[in-house]
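Every number here is computed from the coordinates shown, using simple stated rules; none is lab data. All of these numbers come straight from a predicted model, not from anything done at the bench. So basically every Cβ, Gly included, is an ideal-geometry build from the backbone, and we count neighbours across all protein chains shown.
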Amino acid sequence: MPSIHFNQIVDLSHLITPDIALWPNDPPVVLNTEASLEKDGYYLRSFSMGEHSATHMNAPNTFEAGAMGIDGYSPDSLVRPAVVVDLASRVGDNADYVIDLQDIVSWEQTHGPIPEGRVVLFHTGWQSRWADPGRFFNQDERGLHFPGVGANATRFLLEQRRIAGIGIDTHGVDPGQETSFTSNRLVLQQRGIILECLNQLDRLPATGCTLVIGVLPLQAGSGSPARVLAFIP
């Protein structure tokens, strides 16, 4: 039976507050006190937010009518080995950086071919901008600007490496200027894993960690805020 051997656990999720960076026109994060210790003898809040806000996971029905929702992912599909492609120094301040096949080739020259069934996490350095929504999205008259994974790289990873999914520290696995969401669509068509707005990817080794992805089993949900834990040997 598979087991996880670890010496450290790293939380890859951002804290959820009303001030987090939100995709344009997405609903705000609202926290309301419904019961208080003073009045009711116990403390209770209600909350509302978009299914694709904060650190989150997308589901196939995001882009395809009638496709599987977030509640369709089995428990074992949410525990996955991962590799980390660290591109922070290469990306720098280039908000329009497109992760391409050469980035994958360069990583594999050092670490070897990406094994089948891995979630590939891309550290672009954008996690450091999370507290400043303006720098996180870089929105102008042409739209949003943040790094993401190009379609050719995603096709290679799916077809040649048979990965389980993709994660990134920006608000989308697709580059901000890529409005067709091709990388998202390609992975979700295979019921793969899409993780966005990840944090602390700089603390992970290139290989060897295991992800445990906690999502809300929202009926027919297009996604869910997620608590993503990385177990490091």
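Would you check if there is a residue in the stretch 56-67 being closer than 27 Å to residue 112 by Cα, in contact (Cβ under 8 Å) with a residue 60 or more places away in the chain and of a type outside the set (A, V, I, L, M)? So far as the stretch 56-67 goes, no, none of its residues is closer than 27 Å to residue 112 by Cα, in contact (Cβ under 8 Å) with a residue 60 or more places away in the chain and of a type outside the set (A, V, I, L, M). Looking only at the stretch 188-233, filter to residues that are over 30 Å from residue 7 (Cβ atoms) and either in a helix (DSSP H, G or I) or among the aromatic types (Phe, Trp, Tyr) (or both); which one of those is nearest to the chain's Cα centre (by Cα)? The residue in question is 188. Under the condition of being farther than 24 Å from residue 34 by Cα, part of a loop (DSSP other than H, G, I, E, B), of a type outside the set (Gly, Ala, Ser) and touching a strand residue (DSSP E or B) at 6+ places or on another chain (Cβ under 9 Å), the residues counted in the stretch 45-63 number 2.
So that you can scan it fast, the table gives a plain yes or no per residue for (1) under 20 Å from the mean Cα position of the chain (by Cα); (2) not in a loop (DSSP other than H, G, I, E, B):
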| site | (1), (2) |
| --- | --- |
| 17 | yes, no |
| 22 | yes, no |
| 28 | yes, no |
| 65 | no, no |
| 81 | yes, yes |
| 95 | yes, no |
| 106 | no, yes |
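Please go through the stretch 195-205 and pick out each residue that is touching a Ser or Thr at 6+ places or on another chain (Cβ under 8 Å) and either closer than 17 Å to residue 81 by Cβ or surrounded by fewer than 22 Cβ atoms within 10 Å (Cβ to Cβ) (or both). Don't jump to the end; show me each part of the working.
Let us first name the residues in the stretch 195-205 that are touching a Ser or Thr at 6+ places or on another chain (Cβ under 8 Å), namely 195-199.
195, 198, 199 - these are the residues of the stretch 195-205 that are touching a Ser or Thr at 6+ places or on another chain (Cβ under 8 Å) and either closer than 17 Å to residue 81 by Cβ or surrounded by fewer than 22 Cβ atoms within 10 Å (Cβ to Cβ) (or both).
Quick check on the stretch 121-129. Is at least one of its residues in contact with a helix residue (DSSP H, G or I) (Cβ under 6 Å, 6 or more places away or on another chain), of a type in the set (D, E, K, R), assigned to a helix (DSSP H, G or I) and over 20 Å from residue 61 (Cβ atoms)? The answer is yes, given that some residue of the stretch 121-129 is in contact with a helix residue (DSSP H, G or I) (Cβ under 6 Å, 6 or more places away or on another chain), of a type in the set (D, E, K, R), assigned to a helix (DSSP H, G or I) and over 20 Å from residue 61 (Cβ atoms). Any residue at all in the stretch 37-55 that is more than 24 Å from residue 181 (Cβ to Cβ), within 20 Å of the chain's Cα centre (by Cα) and not small (Gly, Ala, Ser)? Within the stretch 37-55, not a single residue is more than 24 Å from residue 181 (Cβ to Cβ), within 20 Å of the chain's Cα centre (by Cα) and not small (Gly, Ala, Ser). Restricting attention to the stretch 123-140, the residues that are closer than 12 Å to residue 176 by Cα and without any contact (Cβ under 8 Å) to a residue 40 or more places away in the chain add up to 1. Does residue 155 qualify as being without any contact (Cβ under 8 Å) to a residue 24 or more places away in the chain, outside any loop (DSSP other than H, G, I, E, B) and not hydrophobic (A, V, I, L, M, F, W, C)? Against the criterion (without any contact (Cβ under 8 Å) to a residue 24 or more places away in the chain, outside any loop (DSSP other than H, G, I, E, B) and not hydrophobic (A, V, I, L, M, F, W, C)), residue 155 does not qualify.
Comparison of 214, 167, 134 shows that the only residue that is of a type in the set (Gly, Ala, Ser), out of contact with any helix residue (DSSP H, G or I) (no Cβ under 7 Å at 6 or more places or on another chain) and under 18 Å from residue 83 (Cα atoms) is 167. One residue alone among 169, 174 is surrounded by 22 or more Cβ atoms within 10 Å (Cβ to Cβ), over 26 Å from residue 5 (Cα atoms), free of Cβ contacts under 8 Å to residues at least 60 places away in the same chain and of a type outside the set (Val, Ile, Thr), and that residue is 174.
For the stretch 105-161, the set of residues classified as surrounded by 23 or more Cβ atoms within 10 Å (Cβ to Cβ) and over 30 Å from residue 20 (Cβ atoms) is empty. Assess whether residue 192 counts as being crowded, with 18+ Cβ neighbours inside 10 Å, in contact with a Gly (Cβ under 7 Å, 6 or more places away or on another chain), of a type in the set (Gly, Ala, Ser) and in contact (Cβ under 8 Å) with a residue 40 or more places away in the chain. No, not satisfied.
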